[in-house]
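Step one of this worksheet: look at the structure below.
The values are calculated or read from the model by the stated rules, or taken from the named source; none is laboratory data. In this text, all values refer to a predicted model and were calculated from it rather than measured experimentally. All Cβ positions, even for glycine, are placed from backbone atoms using ideal geometry, and neighbour counts span all protein chains on display. Just so you know, the surface numbers come from the protein's heavy atoms only, side chains and all, with ligands and any DNA or RNA stripped out. Shrake-Rupley method; radii C 1.70, N 1.55, O 1.52, S 1.80 Å.
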There are 2 protein chains.
Amino acid sequence: MSTIVNRRDLDFLMYETHNLDELLERERYSDYDKESIDAILDLSQSMAQDKFQPFAGYLDQNEPKYIDGKVEIIPEVKEALNAYKEAGLFASGYDYDMGGMQLPCVVHQSLSAIFVTANTSVTNYIFLTQGATNMLNACGSDELKAKYMPKMVAGDWYGTMCLSEPQAGSSLADIRTKAEKLDDGSYKITGTKMWISGGDHEMTDNIVHMVLAKIPGAPAGVKGISLFLVPKHRVNDDGSIGEPNNIALAGLNHKMGHKGTTNCLLNFGESGDSIGYLVGGENQGLSNMFHMMKEARVAVGMAATVIGLGGYLYSLDYARNRPQGRHLTNKNPESPMVMISEHADVKRMLMTQKAFVEGAHSLILYAARLLDEQVSAESEEEKTKATLLLELLTPICKSWPSEFCLEANKLAIQVLGGYGYTREYPVERYYRDNRLNHIHEGTHAIHGLDIMGRKVRMADGAALKALALEIKKTISAASAHDQLGRHCQDLGAAMQQVQQTLESVSQAVDPSLALANATIFLDAMGHVVIAWMWLKQAVAALDGQAKGNANDAAFYSGKLAACKFFYRYELPKVKASFELVSSLDDTCFNLTAEEFIGH
Amino acid sequence: MSTIVNRRDLDFLMYETHNLDELLERERYSDYDKESIDAILDLSQSMAQDKFQPFAGYLDQNEPKYIDGKVEIIPEVKEALNAYKEAGLFASGYDYDMGGMQLPCVVHQSLSAIFVTANTSVTNYIFLTQGATNMLNACGSDELKAKYMPKMVAGDWYGTMCLSEPQAGSSLADIRTKAEKLDDGSYKITGTKMWISGGDHEMTDNIVHMVLAKIPGAPAGVKGISLFLVPKHRVNDDGSIGEPNNIALAGLNHKMGHKGTTNCLLNFGESGDSIGYLVGGENQGLSNMFHMMKEARVAVGMAATVIGLGGYLYSLDYARNRPQGRHLTNKNPESPMVMISEHADVKRMLMTQKAFVEGAHSLILYAARLLDEQVSAESEEEKTKATLLLELLTPICKSWPSEFCLEANKLAIQVLGGYGYTREYPVERYYRDNRLNHIHEGTHAIHGLDIMGRKVRMADGAALKALALEIKKTISAASAHDQLGRHCQDLGAAMQQVQQTLESVSQAVDPSLALANATIFLDAMGHVVIAWMWLKQAVAALDGQAKGNANDAAFYSGKLAACKFFYRYELPKVKASFELVSSLDDTCFNLTAEEFIGH
């Protein structure tokens, strides 16, 4: 079996659960049908298996090195990226007008995800390039786009995002990088940027940095941030590479995971001028950056999900082939050993992984579908609904897989036992890689504040209402099936508790106390949303069962079991969480720094 | 502040919570008082800080190498171990009759723990040597003891435990290593042992392996396992080192954490005879090994706890000194930033770490105290009670910190944000190191089966009754304080739910189904026990407060807050877990291997 993708499940999620076939009927995607998409996924899977997966462990153990001011990366990385480029896959992330393939986001995210599972570190270069390119396309001037975009779309040049600084991680209000306007309309950029993935390397002729900086005299805080395109090498008018743009590599960060991606501290304008070009209006940097971040956050959720998937598939394959021990009731030590997939606790660990990973996967594809709705829905009303749902669900898409698919990775290690804890097997690498996802693209806490402080209340609660309505639709479809009756009740009750919790909290006199347990709310509301996703899948599985394809019998009954598992083992946990959040507990909130250890 | 130990809290736990002063009055420990123990802990702390902590990160990044059949380890490891040896600290783990210090286990575990936090990988050599030595002392012949023990007690030779084999991890019934009796009464050992920490190196003149093997003709399964002492180098009658004993280093395992400890695959008797000596009776190997494992399991729990402590202290120190962002209600970006310890979610993450780590620490010291009771209690009744409680609590001591102090380590990374994810800071190393603790010394699942299938039922439920009685005593003491009234009720109710759950489950027709969710029971019962530990600490804190030392005001109010935190944020979670276990849910249990992915 493939350990990077379960194509049967991907089909189930894309077509049977989220009706991709319906989407493909729209004008915008009329060049595609299931067959052509299958072909793209086949190509992706075989390239990921042949060119990306084989050296993922080796790359992890041979991370980029800083030598004489340059970054050395093992050659396999460039070879893999070149194969990806030569197959034209960089174009999978763009529309026709940019020279792209104009794939549904559902398909683009799915094909990208196959490569993430195969070799996360390598795909970061692709992901960042596509993000920078889309940002440039959305906000840049025609001149700037003409000069940079074709090279980026083709994958000749890579891109990066330069937001954080050593003193300002989550707090972008406090960035210090300065952009001083020059006579020709360009800007001189001075400052230090931290945590820049893909920030320097020799794999491409140029690297296009998208940099947040402040123009002197701009308003304080986030309102005074502007976005600049700052290339590693300046580009001549004829498009050829000009002189270096004086971006000094000050050092590499050495991470616990994602070790194959060079992660840099960059000094702009230290050894000479670093010239940048304004992207979008002055002081519009943050909103321009966030424009791109919407999809990026969904993509981070997808990465967290499929890193979880990699661990799940690997540990499942292992468990089905590793003999050890006997059934509990068999006391004869001379009887043959059974595969460990026969042991109850191994089953529980595999099922937990399945429920987390496939539940998250469904949510991410649903969100990708909403992104597709935003550009293809046939009415304004549908577009508005998609936007509302997407705004509300984005913090969950980003955060829930980061938390629970990491938990899945922890269990994958456990299934393999001592072997899982060694670098000879990939599951510990997945665990290390996935731990990043709570931190970047907004920390877990920031998404808690986002959903509870903003998203549930936006447009007079319209997003939450829209979600409640969608959930009701699923419950209504599910109620036709007796065996889902109890789940329908439980989901309805949980959604009611979400609303009651928000009501209780809205009574708080101190708005900071109201948000003090926002992270707990985020995780619990995520559980409710994933329970919804499992009910959706259960309905789809019952529909599939009714069609009576014997080959799919085990697949569908596994889906129904996973749904039941989530409702019995996981959803009941949210009650205590919502009660806690409702109570406006101030135990942590009121604590002084001294009380932790007494001085 | 020290980032490896909080001496104020250690004092609180040892003396104020668990009455070490009372223990020190007993004959067995009459050479010690608080002052002399302080001096031992002072020495340990300064040596750990000076000789162990400084190179922990460097060792992690420069793990032992296999070169020409030998293991190369950076010289700092031997230097640190020699300092430990020269200070006589190897003797801290033994009684006077072995040439040891005869410290209370409470103190021995505490001083050892300081070194674990400072540099886990190095301390594994000490821990294994002390375990092997105690096993030899308990079960070995006088002749064998005379020949090997003095060198081991002094720390001149190190020891190992050789249990697992490549095909038999958790399933010791299936080990294949063979021991054939020779004419002189010794045995020829043949076979392969896996996961041997400290299995080979050049730091000592000899390594003493304690090896499980089967004598031809012995009963099948665990009843046919015997224990052997097999030295790396044979030892002449005069105690000098003889010829090599032909134990070949077949390879090193490369772990995610504990990277500084050499972990080996060893071949016995491949290139010549490996001679071993029976320890204890033939076929008594497993019970002899388990004799040692009791304390080892408590020690693993201590290691998991203090690796959690290291992350907690480091992230607390960081949070109190890292400025970033402003209070939520402060919208002025020109106002100064606050320390991140001011942010509500950072407080929550620090408090969660505190509650997990200090709760676990209290439990481990309680268990260590029970070990002391076993050898020093003044009545047989007290000894029996200590044994019962220890049997019941050992699976929790080993497992609860492995799960929840790992969770603490996850949060320590989060407090540091991007920095926490890099190897420039120790918190990611703690996270990697701690992940081992679910796996070794019995996996998490095995301890679930142990507690639910054996320990709660042993001696007609006497252990569980003894625990319930102890908890009642604490509740009774706590009820004198109004502010603990609610906690008393909650703990009483939770303990009742433990008993109800066990009753429901005992109705199961299929004993395997009854144990199918034993891991969930283990974690939930652990939560109840830790809640008890927090109530104990709260009573001690109120007693301390009553004494009115102003210096301790913040310390005690922090303790009371942590107790409240555990009762409000954590204990309510167990309800759903116990309900699930009671329901004898078979969702995972009945699943076939095909249902996971459909084929």
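Taking the C-alpha atoms only, the angle from helix B:518-547 to the longest principal axis of chain B is near 60 degrees. Close amide H contacts of B:ASN283 (hydrogens built in the peptide plane, cut-off under 5 Å, sequence separation of 5 or more or a different chain): B:SER226, B:LEU227.
With both partners inside the protein assembly as shown, how many of the DSSP beta bridges are antiparallel, as a percent to the nearest 5? Antiparallel bridges: around 85 percent, rounded to the nearest 5. Measuring r between the beta carbons of B:VAL509 and B:SER141 and using R0 = 60 Å, the FRET efficiency lands at 0.80. Between the amide H of A:GLY251 and those of A:LEU265, distances stay under 5 Å, these residues lying 5 or more places away or on another chain, with hydrogens modeled in the peptide plane. Look at the stretch B:409-421: the mean tally of other chain Cβ atoms within 10 Å of its residues' Cβ atoms is 5. Taking amide H positions as modeled 1.01 Å from N, with prolines and chain starts lacking one, the residues under 5 Å from B:SER141 and 5 or more places away or on another chain are B:GLY280. Between copies, the label points of A:GLU27, set 7 Å from Cα on the Cα→Cβ line, lie 9.8 nm apart, reported in increasing order to one decimal in nanometres. In terms of the mean number of neighbouring beta-carbon atoms within 10 Å, the peptides B:49-61, B:432-444 order highest first as B:432-444, B:49-61. Give the shape of segment A:254-408 as rounded, prolate or oblate, defined through the alpha-carbon gyration tensor: a ≥ b ≥ c are the square roots of its eigenvalues, a/c under 1.5 means rounded, and otherwise the shape is prolate if a/b is larger than b/c and oblate if not. Oblate shape, in that a/c is at least 1.5 and b/c is the bigger or equal ratio. Please report the spacing between the Cα centers of segment A:275-339 and segment A:132-204 in Å, no decimals. Segment A:275-339 and segment A:132-204 have Cα centres separated by 29 Å. The 3J(HN,Hα) values that the Karplus relation (6.51, -1.76, 1.60; θ = phi - 60°) gives for segment B:559-569 are, in residue order, 5, 5, 5, 5, 4, 4, 4, 5, 6, 8, 9 Hz. Gly and Pro appear as x. Rounded to the nearest Hz, the phi-derived 3J(HN,Hα) couplings of segment A:570-581 under the Karplus curve 6.51 cos²θ - 1.76 cosθ + 1.60 (θ = phi - 60°) are 10, 4, x, 5, 6, 4, 4, 5, 5, 4, 5, 4, where x marks glycine and proline. All C-alpha pair distances within the protein assembly as shown, sorted into 10 Å bins from zero, spread as 2, 9, 18, 23, 21, 15, 8, 3, 1, 0 percent across the bins.
Which of rounded, prolate, oblate describes segment A:113-194, given a ≥ b ≥ c as roots of the alpha-carbon gyration tensor eigenvalues and a/c under 1.5 marking rounded, otherwise prolate only if a/b is larger than b/c? Since a/c reaches 1.5 but b/c is at least a/b, the shape of segment A:113-194 is classed as oblate. Peptides A:391-400, B:503-512, A:172-181 ordered by packing proxy, namely the average of other Cβ atoms within 10 Å per residue, highest first: A:391-400, A:172-181, B:503-512. Copy-to-copy label distances for A:GLN61, where each label lies 7 Å from Cα along Cα-to-Cβ, are 1.9 nm in order of increasing length. Could you work out how far the C-alpha centroid of segment B:547-593 sits from that of segment A:518-563, in angstrom? The distance from the Cα centre of segment B:547-593 to that of segment A:518-563 comes to 29 Å. Solvent-accessible area lost on pairing A with B (1.4 Å probe, both sides summed) amounts to about 8800 Å². Helix A:344-376 axis versus longest C-alpha principal axis of chain A: approximately 50°, rounded to the nearest ten. In this label model, B:ASP183 and B:GLU382 are separated by 5.6 nm, measuring between points 7 Å along each Cα→Cβ vector.
Here the spin labels are modelled as points 7 Å beyond Cα on the Cα-Cβ line, and at A:MET339 and B:MET1 they lie 5.1 nm apart.
Computed from phi, the 3J(HN,Hα) profile of segment B:406-415 under the Karplus parametrisation 6.51, -1.76, 1.60 (θ = phi - 60°) reads 5, 4, 4, 4, 4, 6, 4, 4, 4, 4 Hz, with x in place of Gly and Pro.
Once you sort the root eigenvalues of the Cα gyration tensor of segment A:1-142 as a ≥ b ≥ c, which label holds: rounded (a/c under 1.5), prolate (a/b larger than b/c) or oblate (the other case)? Oblate is the answer for segment A:1-142, as a/c is 1.5 or above yet b/c matches or exceeds a/b.
Once C-alpha pairs closer than 8 Å and six or more residues apart are averaged by separation and normalised to the residue number of chain B, the relative contact order reads 12 percent.
The helix-based estimate of mean residue ellipticity at 222 nm for the protein assembly as shown, built from -39,500 (n - 2.57) per DSSP H run of four or more residues and divided by its residue count, is -17500 deg cm²/dmol to the nearest 500. Enumerate the residues in segment B:446-462 having an amide nitrogen under 15 Å from the point lying 7 Å beyond the Cα of A:LYS331 toward its Cβ. Taking a point 7 Å out along Cα→Cβ of A:LYS331, the residues of segment B:446-462 whose backbone N falls under 15 Å are B:454. Extent along the principal axes, Cα only, for segment A:397-449: 39, 15, 13 Å, with the longest axis given first.
Rolling a 1.4 Å probe over the protein heavy atoms of chain B, with every protein chain left in place, gives an accessible area that is 49 percent carbon and sulfur. Among the GluC sites (Glu not before Pro) found in segment A:1-104, those both in a DSSP coil and sparsely packed, with 15 or fewer other Cβ atoms within 10 Å of their Cβ, are A:GLU25. The residues of the protein assembly as shown present an accessible area of 35 Å² per residue when probed at 1.4 Å with all protein chains retained. In segment A:169-207, what residues drop by 20 Å² or more in accessible surface going from the chain by itself to the full protein assembly, probe 1.4 Å? Buried-area filter returns A:SER171, A:ASP174, A:TRP195. Each copy carries a label point for A:MET339 at 7 Å from Cα along the beta-carbon vector; from one copy to the others these points are 5.5 nm apart, nearest first. Per the Kirkwood formula applied to alpha carbons, chain A shows a radius of gyration over Rh ratio, Rg over Rh, of 0.97. Charging the Cβ of each Asp and Glu at -1 and of each Lys and Arg at +1, and nothing else, the dipole of chain B about its Cα centre rounds to 1460 debye. Within 10 Å of the Cβ of each residue in A:580-593, the mean number of Cβ atoms contributed by other protein chains is 6.
Ranked by the mean number of other Cβ atoms within 10 Å per residue, highest first, peptides A:224-237, A:271-284, A:516-529 order as A:516-529, A:224-237, A:271-284. Averaged over the residues of B:449-455, the number of partner chain Cβ atoms lying within 10 Å of the residue Cβ comes to 1.
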